[in-house]
Amino acid sequence: MTETWSSDECAAAWGVKTPTWLGYVSRGQAPAPLPGDEKRWDPDAVRTYPRPGVGRARAGASPEAVALLAEMEGVAAEIDELRARQRELARRGKAAGAEVRAMSRALGVSPQTVYGWLDEK
C-alpha cells in the first residue's frame, strides 16, 4: 500500500470535522487506523466503510441494506395501521362498556395507553 490518509483527509472524505472523525473511530463507527500507525488510514477502507450520521443512512449502503431499510419502513407503516386499529377498538370497547384493564390486556398495552387513546379527540 502506497497511499495512506491522515485523520484530516479521512474527515474531509466523509464530510465531517476531524474531531467528529476521531469520535467515530473511538466508537468503532469508522475503520481502525493502520496497524502500527495510529494516525494513518487505508483510503479504500475509509471510502467503503458504512458511515454513520445524519443524512447518510443509505449513502454507500449495499443493495441488501437498502432492501432491508425499505422492508423496515413497510413494517413501521403496518404497525402504525395496527395502532390505529387498536385505538378504534378501544373506543368501541368503551362504548360497549368494557373495562379499561380488560381492554389493555386484550390489546397488549398498558391501561395508561388505553386511557390516553380514549382521551384523544
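Residues in the range 33-53 that are farther than 11 Å from Ser7 by Cα, free of Cβ contacts under 8 Å to residues at least 12 places away in the same chain and either in a loop (DSSP other than H, G, I, E, B) or among the polar types (S, T, N, Q) (or both): Pro35, Gly36.
Residues of the range 52-68 that are modelled with pLDDT of 80 or more and under 21 Å from Asp8 (Cβ atoms): none at all.
Looking at Val46, is it in contact with a Cys (Cβ under 7 Å, 6 or more places away or on another chain), surrounded by 14 or more Cβ atoms within 10 Å (Cβ to Cβ) and aliphatic (A, V, I, L, M)? Taking the combined requirement at face value, the residue satisfies it.
Scan the range 102-118 residue by residue and report those that are part of a helix (DSSP H, G or I) and polar (S, T, N, Q). Ser104, Gln112, Thr113, listed by residue number.
The values are calculated or read from the model by the stated rules, or taken from the named source; none is laboratory data. Just so you know, these numbers come straight off a predicted model, no measurement behind them. Positions of Cβ are backbone-derived with ideal geometry, glycine not excepted, and every protein chain shown enters the neighbour counts.
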